[in-house]
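Colleague: If you scroll down you'll find the structure; I have some questions about it.
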Amino acid sequence: MKLIELLPKEAVVEGLGAKDKKGALKALVEALRASRKPPRPKLEPILRALVQRESIGTTGIGGGVALPHAKIEGIPSIMGAFGRLSTGLDWGAVDGERVDLVFVLVSPASDPNLHLAALQRLNRGIRLPNMARFLRAAKSAREISDLFREMDEAVGG
């Protein structure tokens, strides 16, 4: 699964103005839904699964980045969204830093290997030298999508 396919330009929110973690997750699930052709997945089950996952432990991986994710019964395929927050949020990240880059990933519960592979790809991509800085500096969804393409090339596969 290529990041450029997982995170289409239509699922990129450049100036996410959420005031809290749940608000950020809701806005990103709405972007994820809007980027898909009908029938679109329902918002509430996805949002509930992401919030429940956060209650188990933070998805804030450090460096201002969070990777909220969930496996969900009934969704047809793996889906993602990306948001760059206008102001960093307290995400309970492992390093205590506020989060301003959020990658949401949801996948069918029936395919845990695909879910894990996508999480690993995202994690490797965001940890490329300067990638987080480049994502923060990008001026448009197109530039962000170009960075996802570069991440794909760099992590291979």
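The values are calculated or read from the model by the stated rules, or taken from the named source; none is laboratory data. All values reported here derive from a predicted model rather than from experimental measurement. As a convention, Cβ positions derive from the backbone with ideal geometry for all residues, glycine included, and neighbour counts pool all protein chains shown.
Colleague: Answer yes or no as to whether Ser107 is touching a His at 6+ places or on another chain (Cβ under 7 Å), polar (S, T, N, Q) and either within 21 Å of Arg136 (Cβ to Cβ) or assigned to a strand (DSSP E or B) (or both).
Modeller: Yes.
Colleague: Only residues that are outside any strand (DSSP E or B), farther than 15 Å from Leu32 by Cβ and at pLDDT 95 or above: list them for segment 59-93, please.
Modeller: Answer for segment 59-93, where residues must be outside any strand (DSSP E or B), farther than 15 Å from Leu32 by Cβ and at pLDDT 95 or above: Thr59, Gly63, Gly64, Asp90, Trp91, Gly92, Ala93.
Colleague: All but one of (1) out of contact with any His (no Cβ under 6 Å at 6 or more places or on another chain); (2) not in a helix (DSSP H, G or I) hold for Arg142; which doesn't?
Modeller: Just one mismatch for Arg142, condition (2).
Colleague: If I filter segment 101-144 down to residues being under 24 Å from Leu47 (Cα atoms) and of a type in the set (Ser, Thr, Tyr), which single residue comes out as surrounded by the fewest Cβ atoms within 10 Å (Cβ to Cβ)?
Modeller: Ser110
Okay, residues lined up against (1) more than 12 Å from the chain's Cα centre (by Cα); (2) more than 17 Å from His115 (Cα to Cα); (3) aliphatic (A, V, I, L, M):
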{"site": "Leu6", "(1), (2), (3)": "no, no, yes"}
{"site": "Ala11", "(1), (2), (3)": "no, yes, yes"}
{"site": "Glu14", "(1), (2), (3)": "yes, yes, no"}
{"site": "Ala27", "(1), (2), (3)": "no, yes, yes"}
{"site": "Leu32", "(1), (2), (3)": "no, no, yes"}
{"site": "Pro38", "(1), (2), (3)": "yes, yes, no"}
{"site": "Ala49", "(1), (2), (3)": "yes, no, yes"}
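Colleague: Something else about it: How many residues does segment 20-73 hold that are in contact (Cβ under 8 Å) with a residue 24 or more places away in the chain, of a type in the set (Lys, Arg) and closer than 21 Å to Ser110 by Cβ?
Modeller: Residues that pass the stated criteria total 2.
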